[in-house]
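See below for the structure under consideration.
The values are calculated or read from the model by the stated rules, or taken from the named source; none is laboratory data. Values in this document were obtained by computation on a predicted structure and should not be read as measured data. Cβ placement follows ideal geometry from the backbone for every residue including glycine, while neighbour counts extend to all protein chains displayed. Calculation scope for accessible area: heavy atoms of the full protein, side chains included, ligands and nucleic acids excluded. Shrake-Rupley method; radii C 1.70, N 1.55, O 1.52, S 1.80 Å.
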Amino acid sequence: MSPVTEFANRQYPDTVVLFDVDGTLTPARNFVSKEMKDTLAKLRTKVAIGFVGGSDLVKQYEQLGSTILEDFDFCFAENGLTAYRLGEKLASQSFIEWIGDEEYNKLVNFVLRYIADMDIPKKRGTFIEFRNGMINISPIGRNCSREERNEFEKYDLARGLRKNFVEALKAEFSHLALTFSIGGQISFDVFPTGWDKTYCLRYLKPDGFKKIHFFGDKTFKGGNDYEIYSDPSVIGHAVTCPEDTIRILGELFP
Ligand code: M1P
């Protein structure tokens, strides 16, 4: 079946709407609401839909539900470095193959030393999460509790801990084309420059969509939605929360 036919039953077959996850479809690292699920199901009768999150697929299953591969036409985890179209996995690249073990080890050693020297009230576990298309670094550690996560976010906002960490990494690894992106509450992502959310756009090309909408909450410069939001081929929508997403969708696709 040709790609065009696969979306021909939608009201606007040449349109795809992509969503960031945290802060756009769900509250940060939290669950999707019934209202959002119903809104997306209705939207899918009109256009093709997809999500593009910085997190890995496991977290997106947790937040968006166990049927994401059936509920979305396109599922893009880790900015699209893990990609599915109509439930089928698409070919991808990997961070470790790109960077190589030698440089990767230097990066890990620097990060762990830096965190060891950080004077912060709480440290938990999983300071580096190794993913397919990126690594995720968290000074408090990814397996902190929700309460600890909220506390850390406030503590960091007042002190710029992650900002300084990123500056130190940029200086130390200036010979590598790496991007450091603060997309959530307790961590930042590290990936090759160009492997931001615009990476997923290559997977939309074969379907020949004429309109690509993107909704995100971190659309400001330095936010992890900035590049895709400002891409010339994309119609960007900046939102403040999931309710805002629903409101704008209601105006665009009544
Ligand atoms: O989707 C935004 C970010 O969500 C998580 O961030 P944090 O745990 O810091 O709130 C992470 O999965 C991160 O990779 C992702 O960019």
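What to note about this one:
- Some residue of segment 115-124 being away from the ligand (no atom under 12 Å from the Cβ) and either under 23 Å from Asp20 (Cβ atoms) or polar (S, T, N, Q) (or both): no
- Residues (under 30 Å from Val17 (Cβ atoms) and either of a type in the set (S, T, N, Q) or free of Cβ contacts under 8 Å to residues at least 60 places away in the same chain (or both)) located in segment 79-114: Asn79, Thr82, Tyr84, Gly87, Glu88, Lys89, Ala91, Ser92, Gln93, Ser94
- Where strands (runs of 3 or more DSSP E) sit wholly within segment 131-228, those with at least 2 residues that are touching a residue at least 24 places away in the same chain (Cβ under 8 Å) and among the hydrophobic types (A, V, I, L, M, F, W, C) occupy 135-137, 188-192, 211-216.
- Every residue from segment 24-43 that is within 16 Å of the ligand (Cβ to nearest atom) and open to solvent by 10 Å² or more (accessible area, probe 1.4 Å): Pro27, Ala28, Arg29, Asn30, Phe31, Val32
- Against the criterion of being open to solvent by less than 40 Å² (accessible area, probe 1.4 Å), within 16 Å of the ligand (Cβ to nearest atom), more than 30 Å from Glu147 (Cβ to Cβ) and at pLDDT 95 or above, Phe72 qualifies.
- Selected residue [touching a His at 6+ places or on another chain (Cβ under 7 Å), open to solvent by less than 10 Å² (accessible area, probe 1.4 Å) and within 16 Å of the ligand (Cβ to nearest atom)] from Phe215, Phe188: Phe215
- Within segment 229-249, the only residue that satisfies the criterion of being assigned to a helix (DSSP H, G or I), open to solvent by 40 Å² or more (accessible area, probe 1.4 Å) and more than 27 Å from Ser187 (Cα to Cα) is Arg247.
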